[in-house]
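*Asks:* Here it is, the structure, as structure tokens.
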Amino acid sequence: MREVAEETGLRVRVLRLAGRVEIAAASTGSVYEVADFVCTLAGGQLQAGDDALEARWVTRPELAALPLVPDLFEALAGWDCLPR
């Protein structure tokens, strides 16, 4: 919840675990385990954090067209976390 607030300006409540993935950092050889959660919006106003250029809501086709990290779209779809 803290990370979402810092990165997006939104307050959320966690509903459940969506899934976990391991991401290899090519530059260091480290492997990061990432846990993603399904949340509900509790307040705030969407805005980009200090390490992002923008934040916005997008449709499923718009998301698919963005330059995402490898396998992100497929993972979210597999966890049933994308709008139809």
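The values are calculated or read from the model by the stated rules, or taken from the named source; none is laboratory data. This structure is a prediction, so every number in the text was calculated from the model and none was measured. Backbone-built Cβ (ideal geometry, glycine too); neighbour counts: all protein chains shown. Only protein heavy atoms, including side chains, enter the accessible area calculation; ligands, DNA and RNA are left aside. Shrake-Rupley method; radii C 1.70, N 1.55, O 1.52, S 1.80 Å.
*Asks:* Counting only protein heavy atoms and a 1.4 Å probe, tell me what percentage of the chain's accessible area is made up of carbon and sulfur.
*Replies:* 55
*Asks:* What whole-number volume per residue, in cubic angstrom, does the convex hull of the C-alpha atoms of the chain give?
*Replies:* It comes to 121 Å³ per residue, whole-number rounded.
*Asks:* Using 0.36 nm per residue, how much length does the chain from Ala77 to Arg56 gain when fully extended, once their Cα-Cα distance is taken away?
*Replies:* Length gained, Ala77 through Arg56: 5.7 nm.
*Asks:* Follow-up. What is the spin-label model distance, in nm, from Ala25 to Ala5 if the labels are put 7 Å beyond Cα along the C-beta direction?
*Replies:* Each label point is offset 7 Å from its Cα along the Cβ direction, giving 2.6 nm.
*Asks:* Then there is this: Run the helix sum for the chain: -39,500 (n - 2.57) per DSSP H stretch of 4+ residues, divided by residue count, reported at 222 nm to the nearest 500 deg cm²/dmol.
*Replies:* -6000 deg cm²/dmol
*Asks:* Shifting gears a bit: Using a 7 Å offset from the Cα along the Cα-to-Cβ direction at both Leu46 and Glu33, what is the distance between the two label points in nm, to one decimal?
*Replies:* 3.2
*Asks:* Would you be so kind as to identify which of Leu15, Gln45, Ala77 lies farthest towards the positive end of the dipole of the chain, taking Lys and Arg as +1 and Asp and Glu as -1 on Cβ and the Cα centre as origin?
*Replies:* Final value for the positive-end residue is Leu15.
*Asks:* Springs between alpha-carbon atoms under 10 Å, Gaussian network over the chain: tell me which of Val31, Val14, Val58 tops the mean-square fluctuations.
*Replies:* Val31
*Asks:* What does the accessible area per residue of the chain come to in Å², with a 1.4 Å probe and no ligands, DNA or RNA counted?
*Replies:* Heavy-atom SASA per residue in the chain reads 78 Å².
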